[in-house]
Amino acid sequence: MKFGIFMAPFHRVGENPTLCFERDMQLIEWLDDLGYEEAFIGEHHSSGWETISSPEIFMAVAATRTKRIMLGSGVVSIPYHHPFHVANRFALLDHLTRGRVMLGCGPGALAADARMLGIVSTTQRKRMVEGVKAIMRLFTEEGKISIDGSYFKLVDAHLQVKPFQQPHMPIFVANSISPSGMVAAGEIGAGVLSVASYAPGGLDDLKKRWAMAEETAAENGKSVDRKNWRLVFPIHLAESREEAMNDIRAGANRWIQEYFITTLGARLQFEEYPEQPVEEMTIDRMIGRGGAIVGTPDEAIAKIKELQQASGGFGGILGLAHEWTTREKTLRSYELFARYVAPQFQGPVANQVQYSNEWAREHRDELFASAVSGVLTAMQDYAQHKIEKGEPVPEMMTMPLTRIRP
């Protein structure tokens, strides 16, 4: 399983954007040091909270400040761009990073972005699929690609430089609550970024959602693989569940109420409270419905195992990057996850360490006895050496066995 972040990012309105960008960069550097595998960077153009307008530019700079972490768009809003430009930019970036690029695609999440560009929201999902199909053709076909599309044209088109990764970098499609993302992934044969796993309804019927992708892929002569399915969750870990909740409650509630409800106009109401006041839309309720991973490393391990069972399996977890608490506690949370949670899901390395510890415990008596024998033999040999030289034997060489037992 792979672990990383999905960085929209989210920064409170009124902050210095230059400092926000720098913190985002430093976070990716920290994740690279900790061994996280992936970081997906968003594209947004309005609403004040999500302020990275070009994931490619951000990824290019991040690549110069990191060593190994894969960098992806999370996501490029395909209807906002000519597919030819997207294909060229990502092929170039793939070479500049020596194959550390992933292309995440979506229809565009913010209605305000689409409105500024004069794009009708009901056309966005179809245009995304249309655009990604063109990008994949540009990546894989030699030339003379002509498409008279609904929002773009290509005439005898080709890429001068194909991607560094062959046949192309990993491609993902964003999926939220509706089935459109899963259907699009199946139609294209791409991976899936389930970016609203934390939203009400996001966890429902995970197996059925993946089945939509498989069914659509079969209908289109494509294939999809669970290893290319990422679930996105807000995550915060601490030494205790109480500490974790106290760390993030104020910041998370502000994110829910000021961003989703007040800014985007979302109505995160629940069946039992159809007219629930905004102030009651809280992180406690989100966690109660399984929409976030907050607590201790052990609780995070249990939650991920629960998700594996509920979904039938997936390829990775992406923490939704947030700033719900202090910088120090945020970075510490990522460290706790890397040290104690990720290894439990990453195959033979963790398994062999666990096996070795259990094996040593099982044989501890005989192994300790053997070690003691070795020590005593060395002491006796040295004592005999001193006797043969006619020199007194140091007192420590006559120490009884019981003194070196635990």
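The values are calculated or read from the model by the stated rules, or taken from the named source; none is laboratory data. Just so you know, these numbers come straight off a predicted model, no measurement behind them. When we count neighbours, we look across all protein chains shown, and the Cβ atoms used for this are built from the backbone with ideal geometry, even at glycine.
For the stretch 291-309: of the residues being closer than 20 Å to Ala174 by Cα and not polar (S, T, N, Q), which is surrounded by the most Cβ atoms within 10 Å (Cβ to Cβ)? It comes out as Ala292. Scanning the stretch 211-249 for residues that are out of contact with any helix residue (DSSP H, G or I) (no Cβ under 7 Å at 6 or more places or on another chain), in a helix (DSSP H, G or I) and hydrophobic (A, V, I, L, M, F, W, C) gives Ala211, Ala218, Ala244, Met245.
Residue by residue, here is whether (1) outside the structural domain of Leu193 (by TED's automatic domain parsing); (2) farther than 21 Å from Leu320 by Cα; (3) within 24 Å of the chain's Cα centre (by Cα) holds:
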{"site": "Val75", "(1), (2), (3)": "no, no, yes"}
{"site": "Pro79", "(1), (2), (3)": "no, yes, no"}
{"site": "His85", "(1), (2), (3)": "no, yes, no"}
{"site": "Arg89", "(1), (2), (3)": "no, yes, yes"}
{"site": "Leu96", "(1), (2), (3)": "no, yes, yes"}
{"site": "Arg100", "(1), (2), (3)": "no, no, yes"}
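When the stretch 31-50 is filtered for residues that are among the hydrophobic types (A, V, I, L, M, F, W, C) and either under 17 Å from Phe233 (Cα atoms) or not assigned by TED's automatic domain parsing to the domain that holds Ala62 (or both), the ones remaining, listed by number, are Leu31, Ala39, Phe40, Ile41. Inclusion of Val393 among residues that are among the β-branched types (Val, Ile, Thr) and within 50 Å of the chain's Cα centre (by Cα) is not warranted.
Scanning the stretch 59-85 for residues that are farther than 22 Å from Ser194 by Cα, hydrophobic (A, V, I, L, M, F, W, C) and touching a strand residue (DSSP E or B) at 6+ places or on another chain (Cβ under 9 Å) yields a total of 4. Evaluated against (1) over 26 Å from the mean Cα position of the chain (by Cα); (2) modelled with pLDDT under 95, Ser178 falls short on exactly one condition, (1).
Would you call Arg12 more than 27 Å from Arg339 (Cβ to Cβ) and of a type in the set (Lys, Arg)? In short, yes.
Looking at the stretch 348-355, can you tell me whether even one residue there is at pLDDT 90 or above and surrounded by 11 or more Cβ atoms within 10 Å (Cβ to Cβ)? No, the stretch 348-355 has no match at all.
Being in contact with a Gly (Cβ under 6 Å, 6 or more places away or on another chain) and either outside the structural domain of Gln26 (by TED's automatic domain parsing) or within 21 Å of Leu318 (Cα to Cα) (or both) is a property that does not hold for Ser53. The sole residue among Ala369, Ala383 that is at pLDDT 85 or above and surrounded by 13 or more Cβ atoms within 10 Å (Cβ to Cβ) is Ala383. Taken over the stretch 83-107, the criterion of being touching a Pro at 6+ places or on another chain (Cβ under 6 Å) and among the small types (Gly, Ala, Ser) is satisfied by Ala91 alone. Of all the numbered requirements in (1) hydrophobic (A, V, I, L, M, F, W, C); (2) within 13 Å of the chain's Cα centre (by Cα); (3) under 26 Å from Ala252 (Cα atoms), Met1 misses one, and that requirement is (3).
Ser197 falls short on exactly one of the conditions (1) at pLDDT 85 or above; (2) surrounded by 19 or more Cβ atoms within 10 Å (Cβ to Cβ); (3) over 23 Å from Arg127 (Cβ atoms); (4) not charged (D, E, K, R), and that condition is (1).
Checked against (1) closer than 23 Å to Thr330 by Cα; (2) touching a residue at least 24 places away in the same chain (Cβ under 8 Å); (3) of a type in the set (Ser, Thr, Tyr), Thr18 meets all criteria but (2). Across the stretch 131-156, which residue is nearest to Gly189 (Cα to Cα) among those that are among the charged types (D, E, K, R) and free of Cβ contacts under 8 Å to residues at least 40 places away in the same chain? The extreme case among them is Arg137.
Each residue in the stretch 121-169 was checked for being assigned to a helix (DSSP H, G or I) and of a type in the set (S, T, N, Q), and 5 pass. The residue list Ala114, Ala134, Ala87, Ala109 contains one member that is farther than 16 Å from Val173 by Cα and either among the acidic types (Asp, Glu) or surrounded by 17 or more Cβ atoms within 10 Å (Cβ to Cβ) (or both), which is Ala114.
The residues in the stretch 117-131 that are loosely packed, with under 15 Cβ neighbours inside 10 Å and touching a Lys or Arg at 6+ places or on another chain (Cβ under 9 Å) can be counted, and the count is 1.
A search for C-beta distances below 9 Å between a residue of the stretch 87-105 that is closer than 19 Å to Gly4 by Cα and any residue that is part of a helix (DSSP H, G or I) and among the charged types (D, E, K, R), counting only pairs 6+ apart in sequence or on different chains, returns Arg100/Asp94; Val101/Glu56; Val101/Asp94; Leu103/Asp94.
Taking the criterion of being under 13 Å from the mean Cα position of the chain (by Cα) and among the small types (Gly, Ala, Ser), would at least one residue in the stretch 48-56 satisfy it? I'd like the intermediate steps shown before the answer.
So in the stretch 48-56, the residues under 13 Å from the mean Cα position of the chain (by Cα) come out as none.
Among the residues of the stretch 48-56, not one is under 13 Å from the mean Cα position of the chain (by Cα) and among the small types (Gly, Ala, Ser), which makes the answer no.
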